[in-house]
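Only one structure is covered here, and it is reproduced in the block below.
Just so it is clear, none of the values below were taken in a lab; they were calculated from the coordinates. Note that the structure is predicted; figures quoted are calculated from it, not measured. Positions of Cβ are backbone-derived with ideal geometry, glycine not excepted, and every protein chain shown enters the neighbour counts.
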Amino acid sequence: MSLGLLLKERMSGWLQLENEPRQTFAFEIRAFTTQVFSLSAPRYFQGMVTLGNQTLPCEGELTILLSGPHYWLTFDHPSLGRVRAEGKKHYGRNGLIASLITCPLTLTRDRQPIGTAEVAYRDSMLAFPFRALRLVREDKAYGSLS
């Protein structure tokens, strides 16, 4: 098995479908790549979405860009079926600190917009490299989210 870089991250905030009130929304992911020295290599991830009081599996991709990371993830919404959430942090917009941690998302179903969401990284930014990043074997990358 190959050795690679694992990034564990939890982002939380809100989600709002068209014509519905906001609800709590979060995702916790484990993104992995064997391309350790290629910063912009797409990192496939698996994880869990929390929507209100429901926890659902998700999968997607994280791509780290110099202007800010891009996320897309899919999950099975309890009443809508397969939903895609996609967005990008934009470093430097709306204040430096907020831009480092906040990610606006657009929700789509069958490529049609159905809502929006906003999530933020709420743990310590200073501790991020020590808590979130690990060198692991590929066969251990998508284990428990704890």
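Values as computed for the structure displayed
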read-out: Segment SER79-ASN53, extension gain: residue separation times 0.36 nm, minus the distance between their alpha carbons; value: 7.9 nm
read-out: Cα radius of gyration and Dmax for segment 2-61 (Å); value: 14.3, 47
read-out: Relative packing of 38-50, 55-67, which averages over residues the other C-beta atoms within 10 Å, highest first; value: 38-50, 55-67
read-out: At q = 0.17 Å⁻¹, base-10 log of I(q)/I(0) for segment 41-97 (Debye sum, equal scatterers on each alpha carbon); value: -0.64
read-out: Stretch gain in nm, segment GLU138-GLN23, where the contour uses 0.36 nm per residue and the Cα spacing is subtracted; value: 37.9 nm
read-out: Those residues of segment 41-78 whose amide nitrogen sits under 20 Å from the label point placed on GLN16, 7 Å along Cα→Cβ; value: 50-53
read-out: FRET efficiency, LEU3 to LEU126 (Cβ-Cβ, R0 41 Å, nearest 0.05); value: 0.95
read-out: Volume per residue of the C-alpha convex hull in the chain, rounded to whole Å³; value: 119
read-out: Within a Gaussian network of the chain (alpha carbon springs, distance under 10 Å), most fluctuating of LEU15, LEU105, LEU51; value: LEU51
